[in-house]
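Peer 1: Provided herewith is a single structure, encoded as structure tokens, for subsequent inquiry.
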Amino acid sequence: MRILHVLDHSIPLHSGYTFRTLAILREQRRLGWQTFHLTSPKHTGSGSGTGTGTPPLEETVDGWHFHRTPPAEGGVVRSGLPGLTEMALMRQTERRLAEVAEAVKPQILHAHSPVLNALPALRVGKRLGIPVVYEVRAFWEDAAVDHGTTSEGSLRYRVTRRLETHALHHARHVFTICEGLRIDIAARGIAADKITVIPNAVDIGTFEPGGQPDEALKSRLGLAGATVVGFIGSFYAYEGLDLLLQALPALLQQQPALRLLLVGGGPQEAALKAQAQQLGVADRVVFTGRVPHAEVQRYYDLIDVLAYPRHSMRLTELVTPLKPLEAMAQGRLLVASDVGGHKELIHHGETGWLFKAGSATALAEAITALLAQRERWPGLRRAGREFVERQRNWAASVARYKPVFERLAGT
């Protein structure tokens, strides 16, 4: 079977989006399918690796071959008029997708979020007679709210939501990543038998229980002798790292030797550093900046308790993240807010610790309680690892594509 994936972005960029993509591609290949891969004009960082200059039309990264979509001549013009930028992106994606589809002759077009990929895929699929499936990882309108480009109830939000719903109705089948999104999709009038959940999962073989901390690295970061609470990932507003900083003074009253390790970077980095200064805890917080992917494991090994304090909003209530699953696969201890996306993954007191979203006091109390119950740590670690082994492995998740794809491809 030949499948052409239409993606927002890919490696060499590192994100939950790209890691899920690679896992899907690996497992589809293990099923004996041929996969082809096209990224939208939003993908950056290819070619020279600097993110500048003319991107290549094709590129191989870590053994994976990608067809790239260059921006329109002169680049995409950022317009203040709603929709013009997005229309230009979709036109360019549609042109490039038609070229690649003509060349590789796929049996299925597999469009992944956002809807800016689904709409061009539907047009190309209709023109060339190729069935299109749409995989929703998050709704575009909710991501736009979080990034501050629109607000719920605005005209832009309503139009974006209608486009999303249009794509869902016209795709031959809809895939999504979790129950929260499945329920929302069904509420838009999509038949239950047209929706399949492909849950976020992990490749168990690539994760081992956490190792011993690198004492030299720990000392270099000023963490020697400290109890370390940490977060590793991108610093987006919805991740709730501001709440983690708010909780730190109360944690230090109970645990003076505690330190907070924040590994990564993103839009909120400057604001978080300023907040640490304002709270008077800057000397207790270590910002490492982004670290090479090959080095991430060394930083995980420094952390006693991982924190995932996501704020409650549609995005986090509906969407399940990858990072807690990866933490459980490594036998890590974790504390997470009780948003819907976390409650789908974490059983309080069994595989992790949940606290009331939005409450710095509840977060501090949860971390303090977990640190005080060290006798429970082995059981928590073991239960988390067993959960992902039994229920959240990529082979089981990707097998759910098989009956749908075989039906659509007529095989």
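Conditions (1) under 10 Å from V6 (Cβ atoms); (2) without any contact (Cβ under 8 Å) to a residue 24 or more places away in the chain; (3) among the polar types (S, T, N, Q); (4) open to solvent by 10 Å² or more (accessible area, probe 1.4 Å), marked per residue:
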{"position": "V104", "(1), (2), (3), (4)": "no, no, no, yes"}
{"position": "Q107", "(1), (2), (3), (4)": "no, no, yes, yes"}
{"position": "H112", "(1), (2), (3), (4)": "yes, no, no, no"}
{"position": "R123", "(1), (2), (3), (4)": "no, no, no, yes"}
{"position": "R127", "(1), (2), (3), (4)": "no, no, no, yes"}
{"position": "Y134", "(1), (2), (3), (4)": "yes, no, no, no"}
{"position": "R137", "(1), (2), (3), (4)": "no, no, no, yes"}
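Peer 1: Go through the range 340-354 and give me each residue that's open to solvent by less than 10 Å² (accessible area, probe 1.4 Å) and within 17 Å of E317 (Cα to Cα).
Peer 2: Listed by number, the residues that qualify are G341, H342, L345, I346.
Peer 1: Continuing with this model, one more query. Of the residues P70, P55, only one is at pLDDT below 95, buried (at least 19 other Cβ atoms within 10 Å of the Cβ), within 18 Å of R91 (Cβ to Cβ) and not charged (D, E, K, R); which?
Peer 2: Answer to the check: P55.
Peer 1: Then there's this: So which residues in the range 326-350 are under 17 Å from A138 (Cβ atoms) and in a loop (DSSP other than H, G, I, E, B)?
Peer 2: Correct list: V339, E344, L345.
Peer 1: Restricting attention to the range 161-199, and to residues there that are buried (at least 17 other Cβ atoms within 10 Å of the Cβ) and among the acidic types (D, E), which single residue is farthest from P403 (Cα to Cα)?
Peer 2: E164
Listed here are the residues, each with its yes/no results for (1) open to solvent by 30 Å² or more (accessible area, probe 1.4 Å); (2) over 27 Å from Y17 (Cα atoms).
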residue	(1), (2)
L318	no, no
L325	no, no
G331	no, no
L334	no, no
D338	yes, no
L370	no, yes
R376	yes, yes
R390	yes, no
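Peer 1: Scan the range 251-268 and tell me whether some residue there is among the basic types (K, R), under 21 Å from T18 (Cβ atoms) and open to solvent by 20 Å² or more (accessible area, probe 1.4 Å). Write out each step before concluding.
Peer 2: Going residue by residue through the range 251-268, those that are among the basic types (K, R) are 259.
When the remaining residues are screened for being under 21 Å from T18 (Cβ atoms), the result is none.
Scanning the range 251-268, I find no residue that is among the basic types (K, R), under 21 Å from T18 (Cβ atoms) and open to solvent by 20 Å² or more (accessible area, probe 1.4 Å), so the answer is no.
Peer 1: Still on this structure, please answer the following. Only residues that are polar (S, T, N, Q) and closer than 16 Å to A247 by Cα: list them for the range 260-299, please.
Peer 2: Correct list: Q275, Q277, Q278.
Peer 1: Identify, please: which residue in the range 295-316 is charged (D, E, K, R) and in contact (Cβ under 8 Å) with a residue 40 or more places away in the chain and is, among those, surrounded by the most Cβ atoms within 10 Å (Cβ to Cβ)?
Peer 2: Initial filter on the range 295-316 (charged (D, E, K, R)): 295, 298, 301, 304, 310, 314.
From what is left, the residues that are in contact (Cβ under 8 Å) with a residue 40 or more places away in the chain are 298, 301, 304, 310, 314.
Working: R298: 15, D301: 16, D304: 20, R310: 26, R314: 18.
Among those that are charged (D, E, K, R) and in contact (Cβ under 8 Å) with a residue 40 or more places away in the chain, it is R310.
Peer 1: Turning to a different aspect of this structure: State all residues of the range 351-378 that are assigned to a helix (DSSP H, G or I) and among the aliphatic types (A, V, I, L, M); if no residue qualifies, say none. Steps first, answer last, please.
Peer 2: Here is the first cut: in the range 351-378, the ones assigned to a helix (DSSP H, G or I) are 360-372, 374-378.
Correct list: A360, A362, L363, A364, A366, I367, A369, L370, L371, A372.
Peer 1: Got at least one residue in the range 353-370 being acidic (D, E) and closer than 22 Å to L258 by Cα?
Peer 2: First pass over the range 353-370, keeping only residues acidic (D, E): 365.
Still in the list and also closer than 22 Å to L258 by Cα: 365.
Yes: one or more hits.
Peer 1: Something else: Could you tell me which residue of the range 36-47 is farthest from the chain's Cα centre (by Cα), considering only residues that are surrounded by fewer than 19 Cβ atoms within 10 Å (Cβ to Cβ) and not basic (K, R)?
Peer 2: Within the range 36-47, the match that is farthest from the chain's Cα centre (by Cα) is G47.
Peer 1: Report yes if some residue within the range 241-262 is of a type in the set (D, E) and out of contact with any Leu (no Cβ under 8 Å at 6 or more places or on another chain); otherwise report no.
Peer 2: Within the range 241-262, not a single residue is of a type in the set (D, E) and out of contact with any Leu (no Cβ under 8 Å at 6 or more places or on another chain).
Peer 1: Go through (1) farther than 18 Å from I24 by Cβ; (2) modelled with pLDDT of 95 or more; (3) touching a Lys or Arg at 6+ places or on another chain (Cβ under 8 Å) and name the single condition I185 misses.
Peer 2: (3)
Peer 1: Got a sec? Which helices (runs of 4 or more DSSP H) wholly within the range 197-315 have at least 1 residues that are out of contact with any strand residue (DSSP E or B) (no Cβ under 9 Å at 6 or more places or on another chain) and farther than 30 Å from V398 by Cα?
Peer 2: 215-220, 241-254, 269-279
Peer 1: Another question, then. Which one of the conditions (1) in contact with a Leu (Cβ under 8 Å, 6 or more places away or on another chain); (2) acidic (D, E); (3) within 30 Å of E386 (Cα to Cα) does E215 fail to meet, given that it meets all the rest?
Peer 2: Here E215 clears every test but (1).
Peer 1: Looking at the range 217-235, which of its residues are touching a helix residue (DSSP H, G or I) at 6+ places or on another chain (Cβ under 7 Å) and closer than 30 Å to T320 by Cβ?
Peer 2: T227, V229, F231, I232, G233, F235
Peer 1: Can you report the number of residues in the range 232-287 which are at pLDDT below 95, within 24 Å of the chain's Cα centre (by Cα) and more than 19 Å from S337 (Cβ to Cβ)?
Peer 2: 2
The values are calculated or read from the model by the stated rules, or taken from the named source; none is laboratory data. Note that the structure is a prediction, hence the values are computed from the model and not measured. For neighbour counting, all protein chains shown are included, and Cβ atoms are generated from backbone atoms with ideal geometry for every residue, glycine included. What goes into the accessible areas is simple: the full protein's heavy atoms, side chains included, and nothing from ligands, DNA or RNA. Shrake-Rupley method; radii C 1.70, N 1.55, O 1.52, S 1.80 Å.
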